[in-house]
Amino acid sequence: MRLKNLGLILVFLICGFHVTADELKVKEKNTEFNVYTGMFDFSDDGKRAALIGFQHQNEDLNRDTFLGNLSPITGMMFTADNAGYVYTGVQANYKVGALAITPSFAPGYYNQGDGKDLGHALEFKSEVQLSLSLPKDSQFGFSYNHLSNASLGDKNPGANSYMFNFLKKF
């Protein structure tokens, strides 16, 4: 009786776990990570600071619209003055050969730390990034962004930043 049960289990395992050729294909790489570094508020001599950041984009959530292909982004950046910005928003993706043009808009939470007082905790980041495709699903780029609170606070000095970006799809 035990041998019969063992045989049934083996048949079940072999038949139940078969793999088709389509299942062996490599999954499409739809997650992109962007690591960047640059200068926060480079136009303000008194409050400029080095920055480092990280951004995630999931192309499984993208949509084709009249504005082009849009996808959600989420990220954070920190400055050498302990200021921080955590954001989520949307970016458009335009390709011209090996060059990618990526404008984005993202509201987020800004914490001043020892850095520049931007006038409000809610800030809006407008950015444009130019990047060049590299081998192995990578890109190297340059971006410029502007943070502003849209006059929600008593003051709205804004901050202009530039970054060098390394993007990798997984």
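Within segment 42-55, the set of residues being surrounded by fewer than 21 Cβ atoms within 10 Å (Cβ to Cβ) and free of Cβ contacts under 8 Å to residues at least 40 places away in the same chain comprises ASP45, GLY46, ARG48, ALA50, ILE52, PHE54. Looking at ASP114, ASP44, ASP64, just one residue is assigned to a strand (DSSP E or B), more than 15 Å from the chain's Cα centre (by Cα) and modelled with pLDDT of 85 or more, and that residue is ASP64. If the condition is being of a type in the set (A, V, I, L, M, F, W, C), loosely packed, with under 13 Cβ neighbours inside 10 Å and either at pLDDT 85 or above or assigned to a loop (DSSP other than H, G, I, E, B) (or both), then segment 19-41 contributes VAL19, VAL26. For LEU99, the criteria (1) without any contact (Cβ under 8 Å) to a residue 24 or more places away in the chain; (2) on the phi < 0 side of the Ramachandran plot; (3) surrounded by fewer than 18 Cβ atoms within 10 Å (Cβ to Cβ) hold in every case but one, which is (1).
The one condition from (1) in a strand (DSSP E or B); (2) touching a residue at least 40 places away in the same chain (Cβ under 8 Å); (3) surrounded by fewer than 17 Cβ atoms within 10 Å (Cβ to Cβ) that GLY75 does not meet is (3).
The values are calculated or read from the model by the stated rules, or taken from the named source; none is laboratory data. Everything numeric in this text was worked out from a predicted model, so none of it was measured. Note that each Cβ is placed from the backbone with ideal geometry, even for glycine, and that neighbours are counted across all protein chains shown.
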